[in-house]
């Protein structure tokens, strides 16, 4: 009982440590640039919405968010669609080299994104996919599909094989069994895998910047435009950062229960 106040103190300090950068970012987004560079204040003395107004009214800014969301959603859908049958195969069947193939899939994530930047750039430029959301979405699959397969394989393995056999005895075809029975049973795993695919694709910058130039440029690349000969536009950069955090925070909120189940199964 005597340790409870100490635990609360440690937890409070830990939360302050985590939330302080976010608070400071939000704080800066409502300040003018002159106030940001002149003195340090805990809250805006002259609050302004001019930075947010510029982002929502300037197409060159808000298009970056649209582009980012477009390729992130595409990548998440593709990764889950490919990983689901692969995870089922690794879980239910034994074939020559299955463990080696499974390890090889995971080993793709061990290489940095810079290794794939030049090959993807050359390939997509040749086939006309450069500077499109599909280019980034497909490039991110090399990292997200292995992770999704690894997560979903654990959830599929948690479903008893007797369910498969019973469904087939009842006359279910494999596609019908897969969609009507298996997918609902591993819905939490799909949520966890989709979360990690979304977050990786949302924060990854190197491939997203290399494979786009104008039409599909992501918001993270557009944020570098705040640097000019006149200096750094700190308030605009902070406002863009705040808006960049929101999608990830919303995804975490909606799949928080699924993530907890993933930890319980030991796959996250």
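Quick note: the coordinates plus some simple rules give every number you see, no bench work behind them. Not measured: the values here are computed from a predicted model. Don't worry about glycine lacking a Cβ; one is built from the backbone with ideal geometry, like all the others, and counts go over all protein chains shown.
Tabulated values for the structure
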| item | result |
| --- | --- |
| Mean ellipticity per residue at 222 nm, deg cm²/dmol - from DSSP H runs of n ≥ 4 across the chain, formula -39500 (n - 2.57) | -24000 deg cm²/dmol |
| Normalised alpha carbon radius of gyration of segment 1-48 [divisor 2.2 N^0.38 Å] | 1.63 |
| Taking N as its residue count, the alpha carbon Rg of segment 21-79 over 2.2 N^0.38 Å | 1.53 |
| Kirkwood-based shape ratio for segment 58-265, expressed as Rg/Rh from alpha carbons | 1.05 |
| Diffusion coefficient, µm² s⁻¹, Stokes-Einstein with Kirkwood Rh over alpha-carbon pairs of segment 1-155 at 20 °C and 1.002 mPa s | 105 µm²/s |
| By average C-beta atoms within 10 angstrom, highest first, the peptides 181-188, 109-116, 37-44, 140-147 | 140-147, 181-188, 109-116, 37-44 |
| Where only alpha carbons of segment 150-212 are counted, the Rg and the Dmax (Å) | 16.6, 51 |
| Gained length - residue 7 relative to residue 69, 0.36 nm times residue gap less alpha-carbon distance | 18.4 nm |
